[in-house]
Amino acid sequence: MAVVAGHLNPADFAHTLARIKLAYIACIVLAASPLAVMLRALRWRFLVAAGNHRPLRAYVGAYLVGVLANAILLGRFGDLVKARFISKPGVGGDVTYGRSLSVVVIDRLLEGLALLVVFAAVLATASLPPWASRLAWVAGGLSLAALIALRLLFGHRAGFLHLTERALARVPASIRERLLAAVESLLAGCEALASYRRVMVALVYAFAVWGVEIATVAILLRAFSVPAPWFHAAIVLVVVLNFGMLVPTSPGSVGVYQLLCVFALSLWGVDRQLALAFGVVMQTVLFVPLYLAGMVWLAVAMRGDRTWRGKLAAMPATGISGK
């Protein structure tokens, strides 16, 4: 954050803001961002076994709270919160915390794989540095390998549980039972990969999400009159930002986000001040409304149902098994 503040010229920033076409910003806040959230919630519900036993608004709310938690906490701990909020043992196929957490991980992997497929199409039509191709191959290979590994674990879960039980033979019985229950619950969530139809539909949802996200960034590039090919630049920005922020180093990745925007747009020689201003406004427009919506949803949910407070308070104590 300090690095960005030190390099951002206030006069240039004010001049850049004066050039923004507000109609584009309104389109993003009121239409594009809500559509992306809805598509992500639909994909998540589709991956959860018997997920339609819970209303779509529960998935939307849990997603918003997860985004808010990711902004506050370093790392991807918001995903742990998101998984906890959608778990509900005994309802809709016994969606325990472990099942929910596994589906969140699978959802992330499928989303990343879909983005890399889109990026690969850009690599075939645009002249980008060699690192871009290496990023696509390495990240795509790792995502696919992780999905295959999870599918194999689900297919051989009985043997894996037996090996885990043997490995924990010297652990006290009470702890061993909890660990085994946690592993069993996590493996059960990998059921999402057992159906190729479910995976394919989830990928279609993922492509739709990225279509909306790329269109959103392209609209912002146009709103700023950024001198770069909007379609290609939008895809590169989405890829760089999503993979560059996998390990956040500041709350909300403020500062890191803007520097990644500068890096991505430098491929087309975009002025540093313009790129920094673009990064500041884009992060504000895309995330602040989600944070506010997450806070409102959290406040309403905790006020109307005290069990949500219990879920958050019990997270460290109950463990992954959800018991």
Worksheet item: If Leu286 passes every condition in (1) farther than 16 Å from Thr16 by Cα; (2) free of Cβ contacts under 8 Å to residues at least 40 places away in the same chain but one, which one does it miss?
Response: (2)
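Every residue, every condition in (1) surrounded by 24 or more Cβ atoms within 10 Å (Cβ to Cβ); (2) at pLDDT below 85; (3) assigned to a helix (DSSP H, G or I); (4) of a type in the set (A, V, I, L, M, F, W, C), yes or no:
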| position | (1), (2), (3), (4) |
| --- | --- |
| Val60 | no, no, yes, yes |
| Gly90 | no, yes, no, no |
| Arg99 | yes, no, yes, no |
| Leu110 | no, no, yes, yes |
Worksheet item: Where residues in the stretch 210-268 are under 26 Å from Ala18 (Cβ atoms) and part of a loop (DSSP other than H, G, I, E, B), which of them is nearest to the chain's Cα centre (by Cα)?
Response: Val254
Fill in: Answer from Ser195, Ser250, Ser185 - the residue that is over 30 Å from Leu161 (Cβ atoms) and at pLDDT below 90
Ser250
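Conditions tested, residue by residue: (1) touching a residue at least 24 places away in the same chain (Cβ under 8 Å); (2) among the charged types (D, E, K, R); (3) closer than 29 Å to Gly61 by Cβ.
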| residue | (1), (2), (3) |
| --- | --- |
| Leu109 | yes, no, yes |
| Val118 | yes, no, yes |
| Ser127 | no, no, no |
| Leu135 | yes, no, no |
| Ala145 | no, no, no |
| Pro172 | no, no, no |
| Glu177 | no, yes, no |
| Cys190 | yes, no, yes |
Item to complete: Quick one: Glu213 ticks every box in (1) of a type in the set (D, E, K, R); (2) buried (at least 20 other Cβ atoms within 10 Å of the Cβ); (3) farther than 26 Å from Leu110 by Cα except a single one, so which number is it?
Response: (3)
Worksheet entry | Checking Phe154 against (1) at pLDDT 90 or above; (2) out of contact with any Cys (no Cβ under 6 Å at 6 or more places or on another chain), the condition it does not meet | (2)
Fill in: Given (1) at pLDDT below 90; (2) surrounded by fewer than 18 Cβ atoms within 10 Å (Cβ to Cβ); (3) not basic (Lys, Arg), number of the condition Leu135 does not satisfy
(2)
Fill in: Residue that is nearest to Phe263 (Cα to Cα), among those in the stretch 126-184 that are in a helix (DSSP H, G or I) and of a type in the set (Ser, Thr, Tyr)
Ser133
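The values are calculated or read from the model by the stated rules, or taken from the named source; none is laboratory data. Keep in mind it's a predicted model, so treat the numbers as computed, not measured. Glycine also receives a Cβ, built like all others from the backbone with ideal geometry; neighbour counts cover every protein chain displayed.
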